[in-house]
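Take a look at the structure set out below.
The values are calculated or read from the model by the stated rules, or taken from the named source; none is laboratory data. Not measured: the values here are computed from a predicted model. Every residue, glycine among them, receives a Cβ derived from its backbone with ideal geometry; neighbour counts consider all protein chains shown. We work out accessible area using only protein heavy atoms, side chains counted, and drop any ligands, DNA or RNA first. Shrake-Rupley method; radii C 1.70, N 1.55, O 1.52, S 1.80 Å.
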Amino acid sequence: LGNHEFDWGDEHLVSWQQEGNFKFLASNVYDRRTGKPVEWAEPYAVEEIDGIKVGFVGIATPETAVKTKPENVKNYEFKDPSEAAQVWIDHLRNVEKVDVVIALTHIGSIQDQNGVITGEAADLANNVKGLDGIISSHTHQKVSGKVNNVPIVQAMHNGRALGKLSIKVDKDNKISSIEPSVDVLYERKDLVENGEVKSWIEKYNDELKPILDEKVADLLVD
């Protein structure tokens with residue numbers, strides 16, 4: 001669950017999931033009116049992939065409180081990611097008996113030229129136990145590395161890259177390694193342009209050109 005899911009109000013959150021056939025995951029979003037986790041999101045999900053049980057813990061960024069329209073999130077509390085995640089990591093390990101636990105998040109990370117990762121995702125890696133990997137987002141960066149031996153990936157934004165956690169397990173389903181990688185798609189030379197998609201884009205660009213070409217302001221800073 002990301003901060004921009006609230007941009008149009010919270011009345012769409014249930015119908016979007018029904019129409020899209022997906023679940024919002026968010027273990028740290030609470031309803032101020034009840035003091036309980038929100039009913040329209042699940043704290044975690046379990047998927048079996050090639051015989052391996054993978055648990056996903058959902059985390060929303062606490063910055064949601066200030067990075068969407070405040071009126072739309074006034075009824076919600078975005079709790080500390082590490083505290084919420086630890087509860088459900090333990091549940092996945094001890095109750096669901098999963099083989100791997102991945103944090104599927106909308107929390108940010110930034111990686112410098114030396115490969116050092118900082119931000120909310122790094123804090124999560126340092127503050128919880130039993131977590132095998134983190135899928136980060138929110139800051140729109142290319143991130144691929146490890147913090148506290150926990151692999152973290154972030155695949156930029158708007159489909160520009162593909163982030164991957166490659167998990168290897170032994171015959172007893174014990175993890176032997178998890179390696180992060182990010183494939184920046186527009187740097188690839190072997191991808192063939194899809195003609196149908198290109199025509200869609202051209203159609204909407206033509207329709208929106210009068211609006212997009214309209215000058216609305218002069219900005220003195222980025």
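Worth a mention:
- Distances between placed amide hydrogens fall under 5 Å for G145 paired with I152, all partners being 5 or more residues away or on another chain.
- Gap separating the Cα centres of region 176-207 and region 108-125, nearest whole Å: 26 Å
- Charge dipole (debye, nearest 20) of the chain; +1 at Cβ of Lys and Arg, -1 at Cβ of Asp and Glu: 560 debye
- Largest GNM mean-square fluctuation across H12, H140, H157, computed for the chain with C-alpha springs under 10 Å, falls on H12.
- Under 5 Å, built H, 5+ apart or other chain: amide partners of F24: E42
- GNM remark for the chain: springs join alpha carbons under 10 Å apart, and the peak mean-square fluctuation among V57, V197, V66 falls on V197.
- For region 136-155 and region 26-97, distance of Cα centres in Å: 19 Å
- Number of Lys pairs (Cα under 26 Å; 8 or more positions apart or on different chains) in region 7-98: 16
- Karplus-based coupling profile of region 42-58, in residue order and whole Hz: 9, x, 7, 9, 10, 10, 9, 10, 6, x, 9, 7, 10, x, 10, 9, x, with θ = phi - 60° in 6.51 cos²θ - 1.76 cosθ + 1.60 and x standing for Gly or Pro.
- Rg/Rg_ref, region 31-77, where Rg_ref = 2.2 N^0.38 Å and atoms are Cα: 1.53
- Per residue, the average separation of C-alpha pairs within less than 8 Å and at least 6 apart gives region 41-190 a relative contact order of 17 percent.
- Per residue solvent-accessible surface (Å²) - region 58-142, probe of 1.4 Å: 48 Å²
- For region 62-76, 3J(HN,Hα) per residue [Karplus equation, 6.51 cos²θ - 1.76 cosθ + 1.60, θ = phi - 60°, Hz, x = Gly/Pro]: x, 5, 4, 4, 10, 10, 8, 5, x, 4, 6, 10, 4, 8, 10
- Pairs of Lys residues in region 110-188 are counted when their Cα atoms are under 18 angstrom apart and they lie 8 or more places apart or on different chains; the count is 5.
- Protein heavy-atom surface of the chain, 1.4 angstrom probe: 50% of the accessible area is carbon and sulfur, with nucleic acids and ligands not counted.
- Applied to region 22-36, the Karplus parametrisation 6.51 cos²θ - 1.76 cosθ + 1.60 on θ = phi - 60° returns per-residue 3J(HN,Hα) values of 9, 10, 7, 10, 6, 7, 10, 9, 10, 8, 4, 6, 10, x, 10 Hz, with x for Gly and Pro.
- With one equal scatterer per alpha carbon and no solvent term, the Debye-computed log10 I(q)/I(0) for the chain at 0.16 1/Å reads -1.22.
- GNM result for the chain, Cα springs below 10 Å: residue of K67, K146, K174 fluctuating most strongly: K174
- Stretch in the chain that is longest and holds no GluC sites (Glu not before Pro) that DSSP places in a loop and that have at most 12 other beta carbons within 10 Å: 40-192
- In this simple spin-label model, placing a label point 7 Å from the Cα along the Cα-to-Cβ direction at both N21 and N94 gives a separation of 3.7 nm.
- Net charge of the neighbourhood of N205, taken over other residues with C-beta under 13 Å away and scored Lys/Arg +1, Asp/Glu -1, is -1.
- Membrane-span-like helices in the chain, defined purely by DSSP H runs whose alpha carbon atoms cover 20 Å or more axially and whose average Kyte-Doolittle hydropathy reaches -1.0, are 195-212.
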